[in-house]
Amino acid sequence: MIEFIKSWYRRNFSDPQAVILVIFLVSALAIVLLLGDILAPVLIAVLFAYLLDGVVTVLEKWRIPRTLATSVVVLLFVLLCLFLFLGLVPILSRQVTQLFFEIPTMAARFQEMLLKLPELYPAMITEPQIQEIFAQIRIRITSMGQAIVSFSLTHAVNIFTIAIYVILIPILVFFSLKDKKRIVEWTTQFLPHESERELSFQVWVEVDQKIANYIRGKFIEIAIVWAVTYVTFALMGLNFSLLLGFLVGISVIIPFVGAIAVTIPVALIAYFQWGLAAQFWYLLLAYQIIQLLDGNVLVPVLFSEVVNLHPVAIIVAVLFFGGLWGVWGVFFAIPLATLVQAVINAWPSAGPGEELPGAST
């Protein structure tokens, strides 16, 4: 057993570049885990810098100075954020409030429907069982409402912190874009000699562009799916169209699972509005078409060079990184899985003449 471990270690860590790569990865993981809350504005700024860097690069190709290009892009980005916050957030908040007040009415109608089941299937379910189910649902709804209120009050105290973030993040994004080359050069001087970090550089080159493309593509996908879903639902007269469109747009962050999960509120609100009338089925058909176009047209166009992972690997990545970092882990699950794949592909193989343990008989 000891010989097996020694042989495995020599085969995988005899190359100093592999050791340096492991040190880089472990150090980055430790920084995020230990200092993630403190460095949150910096990490968010890096995310937005990745998102906007492509636009700045295009403007540079049009012979616009990088400082001017960065200023214009960041200014437009801030104005867009203000529009979303001041224009759409109040509407979303109002629809959430309206939906919350309509939940008791929906629950009552749902209870009436379920109470008919004991008459149709008396051997399978009884009325007391139905009452017990709804008692548990009421408890869950009450506790959920209390949790929402508690969450709102808790985060209202952090308004000052949010205000600081609102000021800091645009500034950090601006300087991250404007001085990108200088920041990279400054960081590089603390790294090992170029010949010793060749493997790490190879992995970074493979992953860097994929991460940038993924972040830009994911924001574009969210915007397109949200807009198309909202317009479709609004034209069909569905209540809470903007809120449901937003949920459908956000659901693309979680591959496979998100689309299934958001189908439930869409179907329930459509059912309580129209019952099983033709409009209900038309809406589900339109929603299914949107999901098919997203998965079979939009995703391949936006992520053709990024998402070359098996669905099982994607789901495992979402569960693992989501468990570590919550929403951010879910969002970056695919880029992080791509990083793992790049490390595995670039990892040095056994040297010439070295045989695997147990190969000789």
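The values are calculated or read from the model by the stated rules, or taken from the named source; none is laboratory data. Computed from a predicted structure; not experimentally measured. Note that each Cβ is placed from the backbone with ideal geometry, even for glycine, and that neighbours are counted across all protein chains shown.
Per the listing V22, V74, the residue uniquely at pLDDT below 80, part of a helix (DSSP H, G or I), under 30 Å from the mean Cα position of the chain (by Cα) and on the phi < 0 side of the Ramachandran plot is V22. The condition of being modelled with pLDDT of 85 or more, surrounded by 16 or more Cβ atoms within 10 Å (Cβ to Cβ) and β-branched (V, I, T) holds for only one of V203, V299, V262, V231, that being V262. Checked across the range 253-271, the condition of being under 19 Å from L84 (Cα atoms) and not hydrophobic (A, V, I, L, M, F, W, C) holds for no residue. When the criteria are applied in full, I334 fails the requirement of being assigned to a helix (DSSP H, G or I), among the hydrophobic types (A, V, I, L, M, F, W, C) and over 25 Å from V203 (Cα atoms). When I91, I44 are checked against the criterion of being over 30 Å from D179 (Cβ atoms), at pLDDT 80 or above and of a type in the set (A, V, I, L, M, F, W, C), a single residue qualifies: I91.
On the given criteria, is I64 aliphatic (A, V, I, L, M) and within 30 Å of I164 (Cα to Cα)? No.
For (1) modelled with pLDDT of 75 or more; (2) under 26 Å from A227 (Cα atoms); (3) surrounded by fewer than 11 Cβ atoms within 10 Å (Cβ to Cβ), each residue gets a yes or a no:
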residue	(1), (2), (3)
L283	yes, yes, no
S304	no, yes, no
G322	yes, no, no
W325	no, no, no
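Beta carbons closer than 7 Å, at least 6 apart along the sequence or on distinct chains, pair a first residue in the range 329-345 that is touching a residue at least 40 places away in the same chain (Cβ under 8 Å) with a second that is part of a helix (DSSP H, G or I) and among the basic types (K, R) for P335/K210; T338/K210.
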